[in-house]
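The values are calculated or read from the model by the stated rules, or taken from the named source; none is laboratory data. In this text, all values refer to a predicted model and were calculated from it rather than measured experimentally. As a convention, Cβ positions derive from the backbone with ideal geometry for all residues, glycine included, and neighbour counts pool all protein chains shown. For accessibility, only protein heavy atoms count, side chains too; no ligands or nucleic acids. Shrake-Rupley method; radii C 1.70, N 1.55, O 1.52, S 1.80 Å.
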Amino acid sequence: MSDLAFDALLCDLDNVIRFYDLDEVNRLEQAAGLPSGTTMEIAFAPERDLPLLLGRISRAQWAASIADALAAKVPTQQAAALATAFAHAPSRADQHVVELIRQVRRSIPVVLVTNATVWLDSDLAQLGLTDLADHVVNSSRVHVAKPDAEIYKIAVGRAGVPAHRCAFVDDSQANVDAARQAGMTAVLYRDVSDLRQLVDPIVNTVGPSPV
């Protein structure tokens, strides 16, 4: 066992590393007379979101289901435009977080553990993040989503170290609680300072001087 605080970092993706730009969605909602966040609430309702995150439906099917629900509130054309804008919203990576994770990976394995879509690989390539982690545990590929205990078992297996030697970071309290139940050190992410405090012992570890 190493002298480090932990031997693998398991990290969420969305709202930790990746953030979506919903300006166009907000603009369309305002034009349609809808409260801001209406489309997100509909899109992430469990009956629409979970099948997507488990790899059971395509992006087109997801967008169609969003549009169908919105059509009860606005004309069909506006509903379709909102659904398309949301399903294809652009994203960006927080470069401060990315750099911290790259520093961590120089010392220990990094595993992304994400409730994500079947097109995640393409998204990571567009963001220049294909080499950010040693492994990616994508719910739509393993067909189980956080906070189900099984996805944590898969992630620990990919990390290659015992659960109690894994640190886990996520912006969802439910996911953090589940990681703790699985035996990990788990941190609720609110901003980059939370990650920085966790990984400081890793990125600032200096090896012994030669003798």
*Taking the alpha-carbon centroid of each part, what is the distance from segment 3-44 to segment 141-211 in angstrom?*
21
*Inter-label distance, nm, simple model (7 Å from Cα along the C-beta direction), residue 92/residue 119*: 2.1
*Any idea of the accessible area per residue across segment 1-158, 1.4 Å probe, to the nearest Å²?*
49
_Of 76, 95, 162, farthest towards positive along the dipole that unit charges on Lys, Arg, Asp, Glu beta carbons give segment 13-164_ = 162
*Roughly how much of residue 48 is accessible, in Å² to the nearest 10, using a 1.4 Å probe?*
40
*asked:* I need the shape label for segment 44-99. Rule: rounded when a/c is under 1.5, else prolate if a/b > b/c, else oblate, with a, b, c from the alpha carbon gyration tensor.
replied: oblate
_For segment 121-211, what are Rg and Dmax over the alpha carbons, in angstrom?_
15.1, 51
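For segment 116-211, which chymotrypsin sites (Phe, Trp or Tyr not before Pro) are both in a DSSP coil and crowded by at most 16 other Cβ atoms within 10 Å?
Within segment 116-211, the qualifying chymotrypsin sites (Phe, Trp or Tyr not before Pro) (loop, at most 16 other Cβ atoms within 10 Å) are 119.
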*Relative contact order (percent, whole number), segment 32-121, Cα cutoff 8 Å, 6+ residue spacing*: 30
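Based on DSSP, what percent of beta bridges with both residues in the chain are antiparallel, to the nearest 5?
Working: 3 of 19 bridges.
Close to 15 percent.
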*Compute the label zone of residue 60 within segment 133-173: residues whose backbone N is under 17 Å from the point 7 Å along Cα-to-Cβ.*
none
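Taking the Cβ of residue 193 as the center, what net charge do the other residues with Cβ under 15 Å away carry, scoring Lys and Arg +1 and Asp and Glu -1? Walk me through the numbers before you get to the answer.
Values: positive: 190, 196; negative: 94, 99, 171, 191, 194, 200.
My count for the surroundings of residue 193 gives -4.
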*So how compact is the chain: Cα radius of gyration and Dmax in angstrom?*
19.0, 76
*Normalised by the residues of the chain, what does the relative contact order come to in percent, with Cα pairs under 8 Å and at least six apart?*
27
*Considering the chain as a Gaussian network with a 10 Å cut-off on Cα pairs, which listed residue, 115, 175, 26, attains the greatest mean-square fluctuation?*
26
*Please give the helix 76-87 orientation as an angle from the longest Cα principal axis of the chain, in degrees from 0 to 90, rounded to the nearest 10.*
10
*Expressed as a whole percentage, what fraction of the accessible surface of segment 129-174 belongs to carbon and sulfur atoms when a 1.4 Å probe is rolled over the protein heavy atoms?*
50
*Take the alpha carbon gyration tensor of segment 7-80, find the square roots of its eigenvalues, order them as a ≥ b ≥ c, and report rounded if a/c is under 1.5; if not, report prolate when a/b exceeds b/c, else oblate.*
oblate
*asked:* Quick check: at a probe of 1.4 Å, how many percent of the accessible area of segment 1-99 sits on carbon and sulfur atoms?
replied: 53
